[in-house]
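Presented below is the structure to which this report refers.
The values are calculated or read from the model by the stated rules, or taken from the named source; none is laboratory data. Computed from a predicted model, the values in this text were never measured in an experiment. All Cβ positions, even for glycine, are placed from backbone atoms using ideal geometry, and neighbour counts span all protein chains on display. Accessible surface areas use protein heavy atoms only, side chains included; no ligands, DNA or RNA. Shrake-Rupley method; radii C 1.70, N 1.55, O 1.52, S 1.80 Å.
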Amino acid sequence: MMLEDKLYGSMEVEPVLRDLVNSRPLQRLKGVHQAGAAYLVCPEWNVTRYEHSIGVMLLIRRLGGSLKEQAAGLLHDVSHTAFSHVSDYVFKNEKEDYHEQLFHKRIAESDIPAILKKHQVDVNEIINEIEKWPLLEQPAPHLCADRIDYTLRDLYAYRFISLQEAHRFLEQLIVKKGKMVVQSLAAAEWFIEAYYKETIEFFMEPRNVYANWKISEALRLALERGAINESDLLAEDEELVKKLNESGDEQVRRLLAEIYSGVCVKEATGAYDHYHKNKVRIVDPLIDVGGAFVPVSKCSRKAADLISKAREKAEKGIYLKVMHN
């Protein structure tokens, strides 16, 4: 099977990966937007969890990861609910790991174990021992395939960076002793800037925050009133919107109607309508200094300042003001 990707180009993948890509859980992710409900206020914000999952797999492949780690990368987001992290806001989950709590159950109840068994792969080895997959996940502030792909993918799709810039960074990214290392100081500094364009400028963009606030309010109310149940959150985004609209609950429908393209909302400096704080996300890439892997902030004042400013902004959160016509 040949896969085409906007960031990594064309790659031929093995039958087990082909079958996983074609499985129901992976195909569902085509209908789950990475930025949650943001596409409802800005249709261009339309990157999906499917694209990201393919990308994580291909980045691991590019960096020399094993076939099993590629499979783990492909599967890492299959338990994301509709609108991605919106469920964390619905249930006020500050760790933003609601989907991780569903992961094992979601895999077990799917066709994935049978697919892996067909190809003589133990499902438990893939999903139960995440520490075996150092390219896929690393604790912050280290780089990993998950963080790198969603950053580059969103920023390229939303025209914050060019494809050439993404490729120049990827050319500087290598793996040494199981760790992702950036070969040049300039490339490491560039990625820190890019990551904060993603996690501060985009994640905290007022329309983005607004859309996810309103959809989380609609979902919370619908759950409280029994218009939907928790299992409905595993639908695709548009299926869940349809269910909410057909619930007959006028207050839920009114909340949905407030999420529309062209809504005017800005960051408040005084009176505000909503306050939101994301999980604080920080990166500090490793660079090779005389054979030792050192966080770039230890070598670069620019990097240290970027990290400090991003942390301050993330910890402050954002106050929104809705500008009514």
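Report whether or not ALA140 is over 30 Å from VAL263 (Cβ atoms), of a type in the set (A, V, I, L, M) and open to solvent by 20 Å² or more (accessible area, probe 1.4 Å). First the steps, then the outcome.
Details: over 30 Å from VAL263 (Cβ atoms): yes; of a type in the set (A, V, I, L, M): yes; open to solvent by 20 Å² or more (accessible area, probe 1.4 Å): yes.
The answer is yes for ALA140.
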Q: Could you please find all residues in region 272-325 being aliphatic (A, V, I, L, M) and not in a helix (DSSP H, G or I)?
A: VAL280, ILE282, VAL283, LEU286, ILE287, VAL289, ALA292, VAL294, ILE318, LEU320, VAL322, MET323
Q) Got a number for residues in region 236-251 being in contact (Cβ under 8 Å) with a residue 24 or more places away in the chain, under 18 Å from TYR39 (Cβ atoms) and surrounded by fewer than 19 Cβ atoms within 10 Å (Cβ to Cβ)? A) 3
(Q) Tell me the residue from GLY36, GLY73, GLY64 that is small (Gly, Ala, Ser), in contact with a His (Cβ under 7 Å, 6 or more places away or on another chain) and at pLDDT 95 or above, please. (A) GLY36
Q.
Among the residues in region 197-206, are any assigned to a strand (DSSP E or B) and not aliphatic (A, V, I, L, M)?
A. no
Q: With the checklist (1) touching a strand residue (DSSP E or B) at 6+ places or on another chain (Cβ under 8 Å); (2) at pLDDT 95 or above in hand, flag the one item LEU59 doesn't pass.
A: (1)
Q) Between a first residue in region 56-67 that is closer than 18 Å to SER10 by Cβ and a second residue that is among the β-branched types (Val, Ile, Thr) and at pLDDT 95 or above, which pairs have beta carbons less than 6 Å apart while being 6 or more apart in sequence or on different chains? A) LEU63/VAL175
Q) Just checking, how many residues over region 116-137 are over 25 Å from LYS177 (Cα atoms), surrounded by fewer than 22 Cβ atoms within 10 Å (Cβ to Cβ) and among the aliphatic types (A, V, I, L, M)? A) 2
Q. Which helices (runs of 4 or more DSSP H) sit wholly inside region 22-106 and have at least 1 residues that are out of contact with any helix residue (DSSP H, G or I) (no Cβ under 6 Å at 6 or more places or on another chain) and not small (Gly, Ala, Ser)?
A. 24-28, 49-62, 67-75
(Q) Restricting to region 118-177, name every residue that is over 30 Å from GLY291 (Cβ atoms) and in contact with a Ser or Thr (Cβ under 8 Å, 6 or more places away or on another chain). (A) TYR156
Q: Can you run down the residue pairs with Cβ atoms below 8 Å, 6 or more apart or on separate chains, where the first is in region 211-233 and among the aromatic types (Phe, Trp, Tyr) and the partner is open to solvent by 40 Å² or more (accessible area, probe 1.4 Å)?
A: TRP213/TYR89
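Are any residues in region 211-233 assigned to a helix (DSSP H, G or I) and surrounded by fewer than 20 Cβ atoms within 10 Å (Cβ to Cβ), and if so, which ones? Before the answer, list the steps.
Residues of region 211-233 that are assigned to a helix (DSSP H, G or I), as a first pass: 211-224, 230-233.
Those that are assigned to a helix (DSSP H, G or I) and surrounded by fewer than 20 Cβ atoms within 10 Å (Cβ to Cβ): GLU217, ARG220, LEU221, LEU223, GLU224, GLU230, SER231, ASP232.
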**Q.** All positions within region 107-132 that are modelled with pLDDT of 90 or more and in a loop (DSSP other than H, G, I, E, B)
**A.** GLU109, SER110, ASP111, HIS119, GLN120, VAL121, ASP122
Q: Would you check if there is a residue in region 96-112 being open to solvent by less than 30 Å² (accessible area, probe 1.4 Å), within 13 Å of the chain's Cα centre (by Cα) and among the acidic types (Asp, Glu)?
A: yes
Q: Inspect region 1-11 for any residue being open to solvent by 30 Å² or more (accessible area, probe 1.4 Å) and in contact with a Lys or Arg (Cβ under 6 Å, 6 or more places away or on another chain) and give the result as yes or no.
A: yes
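Residues being open to solvent by less than 10 Å² (accessible area, probe 1.4 Å) and either closer than 28 Å to VAL13 by Cβ or in contact with a Lys or Arg (Cβ under 8 Å, 6 or more places away or on another chain) (or both): count how many of those fall in region 32-53.
So the first thing to find is which residues in region 32-53 are open to solvent by less than 10 Å² (accessible area, probe 1.4 Å), and the list is 32, 36-38, 41, 47, 52-53.
Now drop any that are not either closer than 28 Å to VAL13 by Cβ or in contact with a Lys or Arg (Cβ under 8 Å, 6 or more places away or on another chain) (or both), which leaves 32, 37-38, 41, 47, 52-53.
Here the count works out to 7.
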Q) When both residues are 6+ apart or on different chains and their Cβ atoms are under 6 Å apart, which pairs have a first residue that lies in region 299-325 and is farther than 20 Å from LYS277 by Cβ, and a second that is part of a loop (DSSP other than H, G, I, E, B)? A) MET323/CYS264
(Q) If I go through region 280-306 residue by residue, how many of them are surrounded by 13 or more Cβ atoms within 10 Å (Cβ to Cβ), more than 26 Å from PRO43 (Cβ to Cβ) and charged (D, E, K, R)? (A) 3
